[in-house]
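Inspection log for the structure reproduced underneath, given as structure tokens.
The values are calculated or read from the model by the stated rules, or taken from the named source; none is laboratory data. Model, not experiment: these values are computed from the prediction. In this analysis, Cβ positions are derived from the backbone assuming ideal geometry, glycine residues included, and neighbour counts consider all displayed protein chains. For the accessible areas, the whole protein counts, side chains as well, though only heavy atoms, and no ligand, DNA or RNA atoms are used. Shrake-Rupley method; radii C 1.70, N 1.55, O 1.52, S 1.80 Å.
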Amino acid sequence: MDDDFAVAGMHRRFVEALDGFEVVGVLERGLPVAEFLAQHDVDLVLLDVHLPDRGGVQVLEDLRSAGHDVAVIMVTAASERDTVRRAVGHGVDGYLVKPFSREEFNERLREFAALLASHGDSGQGDGSVPELDQSEIDRLVRGASGRAPGDLDRPPAARPSAAARSTAVAPSGVAAPAGGIPDRLPKGYSAPTLNLVGAALREAGAGVDLSAREVAAACGVSRVSARRYLELLTERGLAELRPRYGATGRPEHRYAWIG
């Protein structure tokens, strides 16, 4: 997906030239993405951050909240730390920063196809924003997903540029284990986000409990998403729910790591 017609066309040609891939569609806006995925068989979305109607990270969050586990690779010029962190928090599978070469683009898609095959069905003060280079972004994405630096990136959705379908079957509910995190997840949950939430609880320290709001702020995800993952960790016996009762009203739900 890309709102620049020329860029979208270039990415489409790149995808079409790769064996094992075909372009299912090209979109210029973010809102139609969910409906498009509901009507087409798509394994991979290439998603830009800057869209005319909706931010790409917001599109990614909407897809994950709706239970779409399609693979998403951000293909964008946006390299600000907060943007990358938010994308990772919402389950992005890869992040490619413009400008990049055709070979770099092809390499990411080949890695995606290889991973599918291997998994089978399974600056303050002056107002400046700190930016990350490509290697730093790769480390952040891999670290949040629990993958070793040498592992392949698995990409998800992208800005209106090109939605690609590979000949392999997309994996379903597979997560990378890290620090006790379960290695298989229910539909609608992503391994990178679960690892971020689990890490926030672990890093709080033994016996320290956090609210969903505090975890959301630490991970760069919405409070609703944080609570969903906290509840999953509690169900799996990795976290403990600790109601905190105040003078009036319902108790505040707080969570502590016990895994």
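Give the range 95-117 a look and list any residue that's part of a helix (DSSP H, G or I), closer than 25 Å to Tyr189 by Cα, touching a strand residue (DSSP E or B) at 6+ places or on another chain (Cβ under 8 Å) and hydrophobic (A, V, I, L, M, F, W, C), or say none.
Those that are part of a helix (DSSP H, G or I), closer than 25 Å to Tyr189 by Cα, touching a strand residue (DSSP E or B) at 6+ places or on another chain (Cβ under 8 Å) and hydrophobic (A, V, I, L, M, F, W, C): Leu109, Phe112, Ala113, Leu116.
From Arg223, Arg227, Arg254, grab the single residue that is more than 14 Å from Gly91 (Cα to Cα) and open to solvent by less than 30 Å² (accessible area, probe 1.4 Å).
Arg254
Suppose we keep only residues that are part of a loop (DSSP other than H, G, I, E, B) and either at pLDDT 90 or above or touching a Gly at 6+ places or on another chain (Cβ under 7 Å) (or both) within the range 35-49. Which one would you say is surrounded by the most Cβ atoms within 10 Å (Cβ to Cβ)?
Among residues in the range 35-49 that are part of a loop (DSSP other than H, G, I, E, B) and either at pLDDT 90 or above or touching a Gly at 6+ places or on another chain (Cβ under 7 Å) (or both), the one surrounded by the most Cβ atoms within 10 Å (Cβ to Cβ) is Asp48.
Give just the number: which of (1) modelled with pLDDT of 90 or more; (2) surrounded by 15 or more Cβ atoms within 10 Å (Cβ to Cβ); (3) not in a helix (DSSP H, G or I) does Glu22 not satisfy?
(2)
Report yes if some residue within the range 151-162 is in contact with a helix residue (DSSP H, G or I) (Cβ under 8 Å, 6 or more places away or on another chain), modelled with pLDDT of 75 or more and crowded, with 19+ Cβ neighbours inside 10 Å; otherwise report no.
no
Take the residues of the range 50-94 that are part of a loop (DSSP other than H, G, I, E, B) and of a type in the set (A, V, I, L, M, F, W, C): which is surrounded by the most Cβ atoms within 10 Å (Cβ to Cβ)?
The extreme case among them is Val92.
Confirm whether Leu44 is under 19 Å from the mean Cα position of the chain (by Cα) and at negative phi.
Criteria met by Leu44.
How do the pairs read when you match residues in the range 23-37 that are more than 22 Å from Ser65 (Cα to Cα) with residues anywhere that are assigned to a loop (DSSP other than H, G, I, E, B) and open to solvent by 40 Å² or more (accessible area, probe 1.4 Å), using Cβ under 7 Å and keeping only pairs 6 or more apart or on different chains?
From the range 23-37, the pairs are Val24/His40; Gly25/His40.
Say we look at the range 37-63 and pick out the residues that are of a type outside the set (A, V, I, L, M, F, W, C) and touching a strand residue (DSSP E or B) at 6+ places or on another chain (Cβ under 9 Å); which of these is farthest from Gly94 (Cα to Cα)?
If we take residues in the range 37-63 being of a type outside the set (A, V, I, L, M, F, W, C) and touching a strand residue (DSSP E or B) at 6+ places or on another chain (Cβ under 9 Å), then His40 is farthest from Gly94 (Cα to Cα).
Of everything in the range 200-225, what is in contact with a strand residue (DSSP E or B) (Cβ under 9 Å, 6 or more places away or on another chain) and of a type in the set (A, V, I, L, M, F, W, C)? Give them in sequence order.
Ala200, Leu201, Ala204, Ala206, Val208, Leu210, Ala212, Val215, Ala218
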